[in-house]
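Computed from the coordinates by the stated procedures, all read-outs in this text should not be read as laboratory data. Source: prediction; values computed, not measured. We place every Cβ from the backbone using ideal geometry, glycine too, and count neighbours over all the protein chains shown.
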């Protein structure tokens, strides 16, 4: 913003009285510059029109050709005794247009000050009247061009791809794992890195008890489940081909049990997420029992909520399912908890 205060002295005020109140009956101040533009003050001692004949009119005028400027002005009268000025009219930021003089009027209706108030006041002394005009030009914000600095893009991590190739390439195997009569090959370091249980078995105090030379025997696990877990260990993803078909849900349940056994928490959460999406009247009871047995709190909560909000015919199917019968036999407290939540839900809607 640029701001300038221009002082306009009218000496011999009385001799200008009686000029008339048409548009040409005015005197003009000297030209002054603000914000790179020229300005002037137009003073009408008898007003600028019939509606302002009892007033003194003062205009701020933007000079030049086809100029438009955003500016504000404060027109003030100076006390001839003290030299201090007081504001008479302020114009907030607005567009001044040099091609249209009417838009340059600072005081609304050109009624700057009633003439009788001027001629009998501290502002007129020795036939001298002083107008002070503070003009502030608001410049357009200057936006610097944004420079685009060179960037080097970073690809997604490919560590899992490289580790996965170790399993595919069958290079550097230093461990055999016997699962249900089937032999799998692996790397001690990779298994130990991914599972704290494998780390304890392969490098900790349990090593002698669980390994025979370079072979580890894993009890109570199906080879297909171990194959899926081994794939996850090396790739951080589940093998699609081993999880296809109608037995997908059962395979995920068994994989969750394996993940819990080997303290692989992320794999355990992956399995819970899949089982949660697969909840229906046939699976919910069995999945509820599994979640309770393996401390899967979020999955257990999802199962109970499914039962709680089930429609009547869905609930009938849940109770009639083999999974619910097994739940009644093995975990009766869970069945009672599920039914109690269901009852409370129904009561709250009555």
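Helix 248-261 and the longest principal axis of the Cα set of the chain meet at an angle near 90°. Relative contact order of segment 274-313: 42 percent, from C-alpha pairs under 8 Å at least 6 residues apart in sequence.
Only Cα pairs under 8 Å and at least 6 apart count here; give the relative contact order of the chain as a rounded whole percent. Value for the chain: 11 percent. With Cα atoms defining each centre, segment 286-335 and segment 3-46 are spaced 92 Å apart in the structure.
At a 10 Å Cβ-Cβ cut-off, how would you order 230, 77, fewest neighbours first? Before the final figure, lay out the partial values.
Values: 230 20, 77 24.
So the residues, fewest neighbours to most, are 230, 77.
Take the Cα pairs of segment 2-137, get the Kirkwood Rh, then feed it into Stokes-Einstein at 25 °C and 0.890 mPa s and tell me D in µm²/s. Answer, rounded: 164 µm²/s. Counted residue by residue at 0.36 nm each, then reduced by the alpha carbon distance between them, the extension gain from residue 277 to residue 313 reaches 10.9 nm. Rg and Dmax, both from the Cα atoms of segment 132-202 and both in Å, are 30.6, 104.
Which angle between 0 and 90 degrees, to the nearest 10, do you get for helix 265-277 versus the longest principal axis of the chain when only C-alpha atoms count? So the inclination is approximately 80 degrees.
What relative contact order, as a whole-number percentage, does segment 2-137 give when Cα pairs under 8 Å and 6 or more residues apart are counted? Provide the component values of the computation, followed by the final result.
Numbers: 318 pairs, mean separation 42.9, N = 136.
It comes to 32 percent, rounded to a whole number.
In degrees, nearest 10, range 0 to 90: what is the angle between the Cα axis of helix 159-169 and the longest Cα principal axis of the chain? On a 0 to 90 degree scale, this one is about 30.
Among 112, 198, 173, which one shows the highest mean-square fluctuation when the chain is modelled as a Gaussian network with alpha-carbon springs under 10 Å? The residue that fluctuates most here is 112. By the Kirkwood approach, averaging reciprocal distances over each pair of separate Cα atoms, the chain gets a hydrodynamic radius of 29.1 Å. Among 113, 53, a tally of other beta-carbon atoms within 10 Å of each Cβ gives an order, fewest to most, of 53, 113. Counting neighbouring beta carbons within 10 Å and listing from fewest to most, the residues 11, 184, 149 come out as 149, 11, 184.
Entry note, the chain: the mean residue ellipticity at 222 nm calculated from DSSP H runs of n ≥ 4, each adding -39500 (n - 2.57), is -11000 deg cm²/dmol after division by the residues and rounding to the nearest 500.
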